[in-house]
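Handing you this structure, nothing more for now.
The values are calculated or read from the model by the stated rules, or taken from the named source; none is laboratory data. Note that the coordinates shown come from a computational prediction; the quantities given were computed from them, not determined experimentally. Every residue, glycine among them, receives a Cβ derived from its backbone with ideal geometry; neighbour counts consider all protein chains shown. Note: accessible area is taken over every heavy atom of the protein model, side chains too, but ligands, DNA and RNA are not part of it. Shrake-Rupley method; radii C 1.70, N 1.55, O 1.52, S 1.80 Å.
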Amino acid sequence: MEKEAAAERLKELREQITKHNYYYHVLDEPRISDAGFDLLMKELLQLEKLYPELVTPDSPSKRVGGMPIPAFQQVQHVVPMLSLDNIFSESELHDFYLRLKKNLGFENITWVGEPKIDGLAVSLYYEEGVFQRGATRGDGSTGEDITHNLLTIWSLPLRLMDKVTAEVRGEVFIPREEFLKLNMQREARELPLFANPRNAAAGSLRQLDPKVTAERPLDIFVFSLNGISGLKSLVTHWETLQYLRELGFKVNPLVSLLTGLEQVVDFYRSIESRRRELPYEIDGVVLKVNELLYQQKLGYTSRAPRWAVAFKFSSAEEVTRVKAIEVNVGRTGAVTPVAILDPVLLAGSVVKRASLHNEDILREKEVMIGDEVVIHKAGDVIPEIVKVLKEKRTGRELDFTMPDSCPSCGKDLKRLSGEAAWRCLNPACPAQLIERIIHFASRNGMDISGLGESLARQLHASGLVKDVGDLYYLSKEDLVKLERMGEKSAENLLEAVQMSKQNPLHKLLVALGIRFVGERVARLLAAHFRSLPVIAATPVEEITSLEEIGPKIALSIKEFFNQEETKEIVKKLENAGVNFYEGLESEAKEGALKGYTIVITGTLNNYTREEAKERIEAKGGKVAGRVSKNTDYVLAGENPGSKLQKARELGIKILTEDDFESLIT
Ligand code: IVH
């Protein structure tokens, strides 16, 4: 085709594709078959390949991902990207309303209610209607340029219906279904799974290679507009949302114009009750004063607008089905029933199992196989079954009885007096052994990376590892015989095993899995006695003389070291050269944060607040609640609060989560 004709055809194709893309991804009303659409795309890509000079900045070919970028560039936000204040109850809503009334001096406030999308805030810059650049929120004043990745989001218009120059803000997310599919694909390819849709979206936007991002089902809702030129004049937020829609953006269909507090409360309740049916995750509703003039009048605090608030949902519950009930044998031999569930998203992570704790609880809750159940997260961590929806029973549900023999080794189970759990008392039980290997290698234990559940099973099944002591006698020749174990992986594993020999004593104590000896007790013991042989030889009374260590723990320690199996393991570890001491060297390393006071703000991706605090304390540091001149560092996660502002004012060093990782490891 001649260049002129190609230019003509390309223009046609761009228009066609853009139009159909809009119908499909923004309006959710496709007007062409997928195959028809693919044909148009294919033709466009081929023609553009022939005439690269004819590629325009708004060409749909940008969706498939261009060249990888070498590094992220910083982008200064012209208007800071603030956060929202959170409220959790109707009484807090009332207080918020009273403050508004006082500040504005009148009662009749109209609001806009919007679902609060649980994704990532982005800023989008358009010039004369053409998408130029997009950035993450970052710390609110500087973000990262992620234009190359945003281009791959089909529902993000590359050219607007009007030639406006403006900054638009919205939330990028991955719909639930798509997220579950994505994780299934990753599982099949043995890639690490994403914890929740939000993390998956974050990881996708953080790619240097947009071809990877293009494979991720990202979507976007927009909710704010900072106009620069060429815009319609707008008086209310409601009009703004309609205008954003007219420009070609995807605006959430549930946004509502509300008058009076009663309607606001109704909106919150109705969205909360529909939460589970929505195809994407939300964590509350956002309530905004409708009149832009009043918004201006109310203004901002250092962290958030005074004219808006996030009313968060408090409890997370989901309904799912019990597919099966399995019994799990833990490393101490305790046998616990576990409900295997249809995978479901709960408070931001996928839940597939829920512990039923023990037989008594199982009976009390009357859980049957096939039941529909309500699950929740206790303390937002461990998923639990709240209740069975008995009205949903069909008669095909099956009763479950606890086995009387160990599902792993077949030996009889015993219920020790005073204990709710049934136990397998066979020290050679394979399930217990595998669990002990996994525990031994875990992060808080000997931290042997690469040694997880599947390898532990293989090592046990092949007979290479009969107890954790054998881990130190593995050879490359043995390892490469295992399925899916290449030379490189074998070398890496041996290296990790070798490295673990240097660990300080407290890690070894945790790793050995002595009942009632967790990280805290292990540290106390190691700090006091300094050597494994000393602990093993110390009488119970002397161990209990340590503060915080009672007879239950001391007896368990004694019992552990008196066992023949333990003696054998200790011998193997000793001969392999595993460190048995809590030395000065490890003290220096462990105390890296000694004398430092750290304040945490915002949400961290890899740690809960409690975990971050533990890590800091483990390194000898202190965690404080408020920023003052005595603060050494502020650790800032996502959506940091006013503490970050304060830290900036006081010139205190701010740590990102990455900085923090490198400090504590
Ligand atoms: S308005 C000045 N509306 O929630 C801040 N934010 O916790 C204006 N978010 O950073 C934000 N859905 O990333 C607004 N409908 C919505 C939202 C929304 C999700 C996010 C946004 C913001 C965070 C604040």
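From the list Asp95, Asp118, Asp145, which residue is open to solvent by 30 Å² or more (accessible area, probe 1.4 Å) and either in contact with a Leu (Cβ under 7 Å, 6 or more places away or on another chain) or within 16 Å of the ligand (Cβ to nearest atom) (or both)?
Residue meeting the stated conditions: Asp118.
Okay, next question. Glu48 - would you say it is among the charged types (D, E, K, R), farther than 17 Å from Leu150 by Cβ, open to solvent by less than 70 Å² (accessible area, probe 1.4 Å) and free of Cβ contacts under 8 Å to residues at least 40 places away in the same chain?
yes
Next question. Looking only at the range 98-115, count every residue that is within 16 Å of the ligand (Cβ to nearest atom) and surrounded by fewer than 17 Cβ atoms within 10 Å (Cβ to Cβ) and tell me the total.
Going through the range 98-115 one residue at a time, the tally reaches 0.
Would you say Thr665 is of a type in the set (Val, Ile, Thr) and loosely packed, with under 13 Cβ neighbours inside 10 Å?
yes
Answer yes or no as to whether Ile325 is within 29 Å of Val168 (Cα to Cα), surrounded by 20 or more Cβ atoms within 10 Å (Cβ to Cβ) and not aromatic (Phe, Trp, Tyr).
It is false that Ile325 is within 29 Å of Val168 (Cα to Cα), surrounded by 20 or more Cβ atoms within 10 Å (Cβ to Cβ) and not aromatic (Phe, Trp, Tyr).
Give the residues of the range 622-655 that are within 28 Å of Arg520 (Cβ to Cβ) and modelled with pLDDT under 85, sorted by residue number.
Residue satisfying the conditions is Asn630 alone.
Given the criteria modelled with pLDDT under 95 and among the aliphatic types (A, V, I, L, M), does Leu524 qualify?
yes
Let me ask something else about it. Quick check on my filter: what residues within the range 135-149 are assigned to a strand (DSSP E or B) and of a type in the set (S, T, N, Q)?
Scanning the range 135-149 gives Thr136, Thr142.
I've got another one for you. Tell me, which residue of the range 32-51 that is among the hydrophobic types (A, V, I, L, M, F, W, C) and within 15 Å of Lys62 (Cα to Cα) is farthest from the chain's Cα centre (by Cα)?
The qualifying residue farthest from the chain's Cα centre (by Cα) is Leu47.
Residues that are open to solvent by 50 Å² or more (accessible area, probe 1.4 Å) and among the acidic types (Asp, Glu): list the helices (runs of 4 or more DSSP H) wholly contained in the range 166-273 that include at least 2 such residues.
176-188, 237-247
Conditions (1) among the hydroxyl-bearing types (Ser, Thr, Tyr); (2) within 24 Å of the chain's Cα centre (by Cα), marked per residue:
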position: Val286; (1), (2): no, yes
position: Glu291; (1), (2): no, no
position: Thr301; (1), (2): yes, no
position: Trp307; (1), (2): no, no
position: Ala324; (1), (2): no, no
position: Asn328; (1), (2): no, no
position: Val338; (1), (2): no, yes
position: Asp342; (1), (2): no, yes
position: Ser355; (1), (2): yes, yes
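Output the strands (runs of 3 or more DSSP E) that fall wholly within the range 57-134 and possess 3 or more residues being over 26 Å from the mean Cα position of the chain (by Cα), or say none.
The strands (runs of 3 or more DSSP E) meeting that bar are 110-117, 120-127.
Let me ask another. Could you please find all residues in the range 274-300 being in a helix (DSSP H, G or I) and open to solvent by 20 Å² or more (accessible area, probe 1.4 Å)?
Those that are in a helix (DSSP H, G or I) and open to solvent by 20 Å² or more (accessible area, probe 1.4 Å): Arg274, Arg275, Arg276, Glu277, Leu292, Leu293, Tyr294, Gln295, Gln296, Lys297.
For Arg303, are the conditions met, namely being surrounded by fewer than 17 Cβ atoms within 10 Å (Cβ to Cβ) and of a type in the set (D, E, K, R)?
no
Here's something else I'd like to know. Within the range 150-165, which residues are open to solvent by less than 30 Å² (accessible area, probe 1.4 Å), under 27 Å from Gly284 (Cα atoms) and part of a loop (DSSP other than H, G, I, E, B)?
Ile153, Ser155, Leu156, Pro157
Conditions (1) under 30 Å from Thr213 (Cβ atoms); (2) touching a helix residue (DSSP H, G or I) at 6+ places or on another chain (Cβ under 8 Å), marked per residue:
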residue: Arg63; (1), (2): yes, yes
residue: Glu92; (1), (2): no, no
residue: Lys102; (1), (2): no, no
residue: Leu124; (1), (2): yes, yes
residue: Glu128; (1), (2): yes, no
residue: Gly143; (1), (2): yes, no
residue: Glu167; (1), (2): yes, no
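Please tell me if Gly134 is within 15 Å of the ligand (Cβ to nearest atom), out of contact with any Gly (no Cβ under 6 Å at 6 or more places or on another chain), free of Cβ contacts under 8 Å to residues at least 40 places away in the same chain and within 28 Å of Arg648 (Cα to Cα).
Against the criterion (within 15 Å of the ligand (Cβ to nearest atom), out of contact with any Gly (no Cβ under 6 Å at 6 or more places or on another chain), free of Cβ contacts under 8 Å to residues at least 40 places away in the same chain and within 28 Å of Arg648 (Cα to Cα)), Gly134 qualifies.
Right, here's the next one. Considering the range 58-79 alone, what residues qualify as being surrounded by 15 or more Cβ atoms within 10 Å (Cβ to Cβ) and not β-branched (Val, Ile, Thr)?
Result: Asp58, Ser59, Pro60, Ser61, Lys62, Arg63, Gly65, Gly66, Phe72, His77.
Filter the range 438-461 down to residues that are open to solvent by 60 Å² or more (accessible area, probe 1.4 Å) and part of a loop (DSSP other than H, G, I, E, B), then give me how many there are.
Number satisfying all stated conditions: 5.
On the basis of being within 16 Å of the ligand (Cβ to nearest atom) and touching a residue at least 60 places away in the same chain (Cβ under 8 Å), does Lys62 make the cut?
Judged against the criteria, Lys62 is not a match.
Name, by its number, the condition in (1) of a type outside the set (Ser, Thr, Tyr); (2) open to solvent by 30 Å² or more (accessible area, probe 1.4 Å); (3) part of a helix (DSSP H, G or I); (4) more than 23 Å from Ala334 (Cα to Cα) that does not hold for Glu435.
(4)
Table: residues versus (1) buried (at least 16 other Cβ atoms within 10 Å of the Cβ); (2) modelled with pLDDT under 95.
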site	(1), (2)
Pro533	no, yes
Ala537	no, yes
Glu547	no, yes
Lys552	no, yes
Leu555	no, yes
Phe560	yes, yes
Glu565	no, yes
Lys571	no, no
Val578	yes, no
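When you scan the range 250-260, do you find a residue that is closer than 21 Å to Tyr126 by Cα, over 20 Å from the mean Cα position of the chain (by Cα) and in contact (Cβ under 8 Å) with a residue 60 or more places away in the chain, even just one?
yes
Further question: Restricting attention to the range 328-360, report how many residues are open to solvent by less than 10 Å² (accessible area, probe 1.4 Å), among the aliphatic types (A, V, I, L, M) and outside any strand (DSSP E or B).
1
Would you check if there is a residue in the range 489-509 being open to solvent by 50 Å² or more (accessible area, probe 1.4 Å), among the hydroxyl-bearing types (Ser, Thr, Tyr), assigned to a helix (DSSP H, G or I) and farther than 19 Å from Asn575 by Cβ?
Yes, the range 489-509 contains a residue that is open to solvent by 50 Å² or more (accessible area, probe 1.4 Å), among the hydroxyl-bearing types (Ser, Thr, Tyr), assigned to a helix (DSSP H, G or I) and farther than 19 Å from Asn575 by Cβ.
Identify, please: which residue in the range 472-488 is free of Cβ contacts under 8 Å to residues at least 40 places away in the same chain and part of a helix (DSSP H, G or I) and is, among those, least open to solvent (accessible area, probe 1.4 Å)?
Leu479
Just the residues that are open to solvent by 30 Å² or more (accessible area, probe 1.4 Å), touching a residue at least 24 places away in the same chain (Cβ under 8 Å), farther than 30 Å from Arg609 by Cα and in a strand (DSSP E or B), please, taken from the range 375-432.
Passing the criteria: Leu398, Trp422.
All but one of (1) within 16 Å of the ligand (Cβ to nearest atom); (2) under 30 Å from Lys19 (Cβ atoms) hold for Ile87; which doesn't?
Just one mismatch for Ile87, condition (2).
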